1. Can you report the number of residues in the range 381-396 which are modelled with pLDDT of 70 or more and either on the phi > 0 side of the Ramachandran plot or surrounded by 15 or more Cβ atoms within 10 Å (Cβ to Cβ) (or both)?
2. Condition check: farther than 28 Å from VAL269 by Cα and assigned to a loop (DSSP other than H, G, I, E, B). Does PHE228 satisfy that?
3. Among (1) more than 15 Å from the ligand (Cβ to nearest atom); (2) in contact (Cβ under 8 Å) with a residue 24 or more places away in the chain, there is one condition ALA99 misses while meeting the rest; what is its number?
4. Could you say which residue among PRO27, PRO11 is in contact (Cβ under 8 Å) with a residue 40 or more places away in the chain and out of contact with any helix residue (DSSP H, G or I) (no Cβ under 6 Å at 6 or more places or on another chain)?
5. On the given criteria, is ASP151 buried (at least 24 other Cβ atoms within 10 Å of the Cβ), among the acidic types (Asp, Glu) and within 16 Å of the ligand (Cβ to nearest atom)?
6. Could you tell me which residue of the range 74-94 is nearest to VAL137 (Cα to Cα), considering only residues that are charged (D, E, K, R) and more than 16 Å from the ligand (Cβ to nearest atom)?
7. Can you say whether ILE73 is among the β-branched types (Val, Ile, Thr) and farther than 23 Å from GLY209 by Cα, as far as the supplied structure shows?
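The values are calculated or read from the model by the stated rules, or taken from the named source; none is laboratory data. Bear in mind the structure is a predicted one, so any value in this text is a computation, not a measurement. Neighbour counts are summed over all protein chains in view; Cβ atoms, including those assigned to glycine, are modelled from backbone coordinates with ideal geometry. When the accessible area is computed, the model is the full protein with side chains, heavy atoms only, and any ligands, DNA or RNA have been set aside. Shrake-Rupley method; radii C 1.70, N 1.55, O 1.52, S 1.80 Å.
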Amino acid sequence: MRTGINHLFIPGPTNVPESVRQAMNVPMQDHRAHDFGAPNVGMFRDLKSLFRTKDGHVLLFPGSGTGAWEAAITNTLNPGDRVLMARHGQFSVLWAQMAQRLGLNVDLIDLPWGAGAPISEFARLLGADRKGEIKAVFVTHNETATGVTSDIAAVRRVMDEAFHEALLFVDGVSSIGCLPFEMDAWGVDLAVTGSQKGLMLPPGLGILGVSPKALKASETATMRRAYFEFSDQVKNNETGYYPYTPPVQLLHGLRAALARIAEEGPENVIARHRRLAAGVRAAVKAWGLEVCAESPSLYSDTVTAIRTPDGVDARDVIRIGYDRYNASFGSGLGPLAGKVFRIGHIGDSNEGMCLTAIALAELCLAAAGATIQFGSGVAAAQAVYAQPAIQAAQIAAE
Ligand SMILES: *Cc1c(COP(=O)(O)O)cnc(C)c1O
């Protein structure tokens, strides 16, 4: 018998705010009715502003982030196209595997898990590609497996410096809506996310930002696709409709979630993630443990991957959390299994939730055999959270 709430400290699916849950509790609707489309027109406008794109489109596919990966590839590339990718965590590994399964010719750069996108290696390979054979560069903005945020602006810079025409694909599944993300300013052609991370919704939607250049590429790209065809979406979305039955409840939830982000202010959402993450990292430091990210410039503000000490199996930490304390921590994925557990601080979160995560992690680490001084991480995070929250408007005024 589990009592109380299940503490969801995984980096997705994330906690769904009560107002969003309530907004989804509506009777079934006629998705062809004359008044169904209008509210969605504003929703697409709000999504574009979230992605920070003026002329791009944001498309919603029933599915998940993985579906949006596939939609991005199949609509814009041709079988056998050469593409450039780096593998430095479970999500970049899986995206590369998908690209290979779909018949792309993938140039792979393998890096340690904990590294960021290899900017200078990208620069070298793009500079050497005089004939423009590389058709796309794929980058995982926030590697959820390792808690690493890569510098997308820097990727764009080296592409421009090489005068390279490749499309820029960015996985923003655990960044968009939480971390700074600039689709237009960074020249992102395909920006992927899903409903169940920063957007605080249940799983069920793959969300894809498509630049005008990517849309143009889709007119001639020969890779096979049917359900995920861009042009079907674009045509119907103009009036707020869909080419097939949309997940109506999720659309209600999405509108409510976007309204929450607008009310808090997107800059304040970003500042809150930064603050909450700083507290969690302070706790890790106080425990004498290491995060997976190789250097501070790579630290993710949406998820922290924590290495357990030698001899302490991270799977035990996670199992104890779930069985004894009704708390879910993120697991170590792939080769990090047993070595890492993760705390998500993404989406609808606050200081109390992070402090609970830290306090319970102390109990679980100790029970799994780590030497932990109880309260050390909690106190370190409290010291961070005792600082007044700085609202973006204040930063701008200073
Ligand atoms: C969660 C996640 C995905 C996969 O998304 P699904 O919605 O599970 O298909 C892809 N990339 C990153 C970075 C993620 O965090």
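1. First, pick out the residues of the range 381-396 that are modelled with pLDDT of 70 or more: 381-390.
Remaining after also requiring either on the phi > 0 side of the Ramachandran plot or surrounded by 15 or more Cβ atoms within 10 Å (Cβ to Cβ) (or both): 381-382, 384-385.
So the answer is 4.
2. Numbers: farther than 28 Å from VAL269 by Cα: yes; assigned to a loop (DSSP other than H, G, I, E, B): yes.
Judged against the criteria, PHE228 is a match.
3. That leaves (1) as the condition not met.
4. On the way: PRO27 fails: in contact (Cβ under 8 Å) with a residue 40 or more places away in the chain.
On inspection, the qualifying residue turns out to be PRO11.
5. On the way: buried (at least 24 other Cβ atoms within 10 Å of the Cβ): no; among the acidic types (Asp, Glu): yes; within 16 Å of the ligand (Cβ to nearest atom): yes.
For ASP151, the condition - buried (at least 24 other Cβ atoms within 10 Å of the Cβ), among the acidic types (Asp, Glu) and within 16 Å of the ligand (Cβ to nearest atom) - is not met.
6. So the first thing to find is which residues in the range 74-94 are charged (D, E, K, R), and the list is 81-82, 87.
Checking the rest, the ones that are also more than 16 Å from the ligand (Cβ to nearest atom) come to 81-82.
Details: ASP81: 11, ARG82: 9 Å.
This residue is ARG82.
7. So ILE73 fails the test.
Per-residue answers, yes or no, for (1) within 16 Å of the ligand (Cβ to nearest atom); (2) among the aliphatic types (A, V, I, L, M); (3) within 27 Å of ILE261 (Cβ to Cβ):
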| site | (1), (2), (3) |
| --- | --- |
| PHE138 | yes, no, yes |
| ASP171 | yes, no, yes |
| GLY177 | yes, no, yes |
| GLY194 | yes, no, yes |
| LEU208 | yes, yes, yes |
| THR220 | no, no, no |
| MET223 | no, yes, no |
